[in-house]
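The values are calculated or read from the model by the stated rules, or taken from the named source; none is laboratory data. This is a predicted model, so every value here is computed, not measured. Here the Cβ positions follow ideal geometry from the backbone for every residue, glycine too, while neighbour counts run over all protein chains shown.
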């Protein structure tokens with residue numbers, strides 16, 4: 001099955017991505033707002049000694065890595081969405097493009113044009129072998145008519161080939177977008193959800209939700225250090 005582009009489906013995809021980005025930004029903002037309370041507690045010396053150390057650990061081990069990872073993922077999707085929108089603007093006016101159907105239409109139209117051109121060549125040959133003025137005029141009229149039909153077919157072929165190029169260019173510019181960045185955002189949002197359910201104790205220590213694999217946050221820290 002060949003490539004298929006549908007402007008309504010493409011528009012729905014862009015709307016869904018924008019909505020998801022808005023929700024993700026809101027989640028990050030909530031996380032930032034919540035973390036400010038801990039910042040105030042640490043900077044205001046409400047925490048000291050072991051509590052101070054625990055508060056710092058909460059930031060370095062959970063909050064900062066999660067905010068950073070989520071923000072990076074959102075920014076990457078926003079950049080890729082902009083690239084997608086730019087590519088979509090070029091092809092959206094076509095409405096729907098189907099690679100298989102376009103190729104079939106091109107083949108059929110080319111075959112029809114060849115048939116007309118062959119007939120026109122035959123008529124042209126007849127004009128050379130017939131000297132009767134009345135017959136020649138008729139033959140010339142027929143040939144001119146066939147030439148106009150051939151030209152019309154060529155215009156159709158050019159239009160179809162242009163649509164096919166648009167489809168291929170759109171695919172070339174967009175097929176690699178979103179797959180990695182959306183997966184990254186999903187992983188980052190898992191961290192946000194985990195933090196939302198993390199219990200922060202009065203002494204600054206914290207307890208992750210039951211069953212949480214802490215290596216998730218460890219891997220985030222490793223990734224950020226590499227960058």
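Suppose we filter region 155-205 for residues that are over 28 Å from residue 98 (Cβ atoms) and in contact with a strand residue (DSSP E or B) (Cβ under 6 Å, 6 or more places away or on another chain); how many remain?
The number of residues fulfilling the criteria is 3.
What is the one condition in (1) more than 30 Å from residue 81 (Cβ to Cβ); (2) outside any helix (DSSP H, G or I) that residue 125 does not satisfy?
The single condition residue 125 does not satisfy is (2).
Restricting attention to region 152-166, does a residue exist that is within 17 Å of the chain's Cα centre (by Cα) and touching a residue at least 12 places away in the same chain (Cβ under 8 Å)?
Yes, some residue in region 152-166 is within 17 Å of the chain's Cα centre (by Cα) and touching a residue at least 12 places away in the same chain (Cβ under 8 Å).
Tell me which of these residue 90 doesn't satisfy, since it passes every other one: (1) touching a residue at least 24 places away in the same chain (Cβ under 8 Å); (2) surrounded by 15 or more Cβ atoms within 10 Å (Cβ to Cβ); (3) touching a helix residue (DSSP H, G or I) at 6+ places or on another chain (Cβ under 7 Å).
So the condition that residue 90 fails would be (2).
Output the number of the condition that residue 189 fails; it satisfies all remaining conditions of (1) in contact (Cβ under 8 Å) with a residue 40 or more places away in the chain; (2) under 30 Å from residue 90 (Cα atoms); (3) part of a helix (DSSP H, G or I).
Result: residue 189 fails condition (2) only.
So for region 101-108 (the condition being farther than 30 Å from residue 84 by Cβ and either in contact (Cβ under 8 Å) with a residue 12 or more places away in the chain or in a helix (DSSP H, G or I) (or both)), does at least one residue qualify?
Yes, region 101-108 contains a residue that is farther than 30 Å from residue 84 by Cβ and either in contact (Cβ under 8 Å) with a residue 12 or more places away in the chain or in a helix (DSSP H, G or I) (or both).
So, residue 156, is that one loosely packed, with under 15 Cβ neighbours inside 10 Å, more than 30 Å from residue 74 (Cβ to Cβ) and at pLDDT 95 or above or not?
Details: loosely packed, with under 15 Cβ neighbours inside 10 Å: no; more than 30 Å from residue 74 (Cβ to Cβ): yes; at pLDDT 95 or above: yes.
Considered against the rule, which asks whether it is loosely packed, with under 15 Cβ neighbours inside 10 Å, more than 30 Å from residue 74 (Cβ to Cβ) and at pLDDT 95 or above, residue 156 comes out as no.
Where residues in region 1-56 are at pLDDT 75 or above and assigned to a loop (DSSP other than H, G, I, E, B), which of them is farthest from the chain's Cα centre (by Cα)?
In this case the residue turns out to be 1.
If we scan region 213-225, do we find a residue that is part of a loop (DSSP other than H, G, I, E, B) and at pLDDT below 70?
yes
Which of the following residues is closer than 30 Å to residue 77 by Cβ and out of contact with any helix residue (DSSP H, G or I) (no Cβ under 9 Å at 6 or more places or on another chain): 175, 168?
Being closer than 30 Å to residue 77 by Cβ and out of contact with any helix residue (DSSP H, G or I) (no Cβ under 9 Å at 6 or more places or on another chain) holds for just one of 175, 168, which is 175.
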